[in-house]
Amino acid sequence: MKLKVENTISGFDMLRNNDKVLVALSGGADSVALLHVLYSIKEKYNLTLYACHVNHNLRGEESMRDENFVRALCDELHIELFVKSVDVLSLSNEQKLSVELCARNVRYEFFSELSEKLNAKIATAHTASDNVETVLYNMARGTSITGLTGIKPVRDNIIRPLILCTREDVERYCSENAFSYVTDST
């Protein structure tokens, strides 16, 4: 998988020497694999890595478990971590938005704020599996041709180095390298 990610980074011109990269880190397999791959190539590109985590406070103790896991992982790798804790359920009710849309808005606002502050690219852990799901979802709800393109590998300052990897690739990579991750009960 590491070679596939490196080829994706190169093929889509995602990284340059001395880039700063902010990794969106949920603690799940995809984001943990992304962090580890970028960590393994950081010297090749002379990268400065940061991580960010949003605790949506939607799953009680499980949400705190995820946050604590991410904190421990970043401590272990000596990566500066930024955490935002938000009561997304209350906020979604206030804003009259679905919980999913509100959570997404909170995440991307936080990513953008940090990206600007740090002058860093944002790396998300979207995979080929997520891309297929997005295209199918767009087809099911009715879309134009642009909706059939799915998730772009690069959009503005957001890069998706795992976009050509499947969920199975990610899980195999974590297993082969004994990387721990958390699984969201939902």
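Overall, the accessible surface of the chain at a probe of 1.4 angstrom is composed of carbon and sulfur to the extent of 48 percent.
Using a cut-off of 13 Å between beta-carbons, work out the net charge of the residues near residue 174 (Lys and Arg +1, Asp and Glu -1, residue 174 not included). Could the numbers behind the result be given before it?
Values: positive: 2, 167, 172; negative: 30, 168, 169, 171, 176.
Every neighbour counted, the sum reads -2.
I'd like to check one number: the per residue accessible area of the chain, probe 1.4 Å, reported in Å² as a whole number.
Working: 10080 Å² over 186 residues.
Ligands and nucleic acids excluded, the figure is 54 Å² per residue.
Nearest 5 is fine: what % of DSSP beta bridges in the chain come out antiparallel, could you say? Around 10 percent antiparallel, to the nearest 5. For residue 20, the residues whose amide H sits under 5 Å from its own are 48, 121, ignoring neighbours fewer than 5 places away on the same chain, with H placed 1.01 Å from N. Scanning residues 5 or more positions from residue 166 or on other chains, those with amide H under 5 Å from its amide H are 128, with H placed 1.01 Å from N in the peptide plane.
Taken one residue at a time, the phi angles of segment 159-169 give Karplus couplings (6.51, -1.76, 1.60, θ = phi - 60°) of 10, 10, x, 8, 4, 9, 9, 8, 4, 5, 4 Hz. Gly and Pro are set to x. Placing a pseudo-label 7 Å from each Cα along the Cα-to-Cβ vector at residue 16 and residue 112 gives an inter-label distance of 2.3 nm.
Given the pairs 4/117; 42/152; 4/152; 96/121; 44/121, which are separated by over 25 angstrom at their Cα positions? Kindly include the intermediate steps, with their values, before the conclusion.
Numbers: 4/117 30 Å; 42/152 23 Å; 4/152 17 Å; 96/121 31 Å; 44/121 17 Å.
Where the Cα-Cα span goes over 25 Å, the pairs concerned are 4/117; 96/121.
Look at the alpha carbon pairs under 8 Å that are at least 6 residues apart: their mean separation over the length of the chain gives a relative contact order of 30 percent.
Highest mean first, the peptides 104-111, 59-66, 46-53, 22-29 sorted by other C-beta atoms within 10 Å per residue fall in the order 22-29, 46-53, 104-111, 59-66. Phi angles across segment 43-51 convert, under the Karplus curve 6.51 cos²θ - 1.76 cosθ + 1.60 with θ = phi - 60°, into 3J(HN,Hα) values of 6, 4, 9, 6, 7, 9, 9, 10, 9 Hz, Gly and Pro given as x.
The values are calculated or read from the model by the stated rules, or taken from the named source; none is laboratory data. Being a predicted model, the structure only gives us computed values, none of them experimental. Cβ atoms come from the backbone with ideal geometry, glycine included; neighbour counts cover every protein chain shown. Heavy atoms of the whole protein, side chains included, go into the accessibility calculation; ligands, DNA and RNA do not. Shrake-Rupley method; radii C 1.70, N 1.55, O 1.52, S 1.80 Å.
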